[in-house]
Amino acid sequence: MRGRTYTKELKEEILREVKEVGNVSLVARKHRISKSTIFTWIKESENRDEIKVKPGIKTLIEGEKELKNELTEVTKENDQLKRILGAYTVKQYKVHKTSCNNDEVENIVNREFDNRNDLEIVVSDLTYVNVAAR
């Protein structure tokens, strides 16, 4: 079964409109013609290089997949470089005294520090702790 037939003038008019608007979907809806029909006309047109249309969702989704794949590859590459450079990086630590600070300091704020059980509150600074030889 064959579909509708369109005159050459109508096809040219629709292709001119697509060229101006740049959106096949809008023109197709306006004229109640299938998008695939208009795309076929564009392929068959002598001026197909002049007609620029916006990419469809399928094209955009495929482009997004390519970008995600490229991002994954670059991330893996960066991780490898970090591991390689990490092996050659020299750790630098601030030099500390070997003994604890047991200096007697005056309690000018007049705070009571003896009113708690031992180890009820523990405060520590883990900034310079070397973990698992890293």
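For region 55-68, a tally of residues being modelled with pLDDT of 80 or more and under 11 Å from the mean Cα position of the chain (by Cα) returns 2. The residue that is modelled with the highest pLDDT, counting only those in region 90-134 that are open to solvent by less than 100 Å² (accessible area, probe 1.4 Å) and hydrophobic (A, V, I, L, M, F, W, C), is A132.
Within region 2-20, residues that are at pLDDT below 90 sit with their Cβ atoms under 6 Å from residues that are polar (S, T, N, Q), at 6+ positions apart or across chains, in these pairs: L15/S45.
The values are calculated or read from the model by the stated rules, or taken from the named source; none is laboratory data. Here the structure is a predicted model, which means the values were calculated and not measured. Note: ideal-geometry Cβ built from the backbone for every residue, glycine included; neighbour counts use all protein chains shown. Side chains are part of the model used for accessible areas, which takes the heavy atoms of the whole protein and leaves out ligands, DNA and RNA. Shrake-Rupley method; radii C 1.70, N 1.55, O 1.52, S 1.80 Å.
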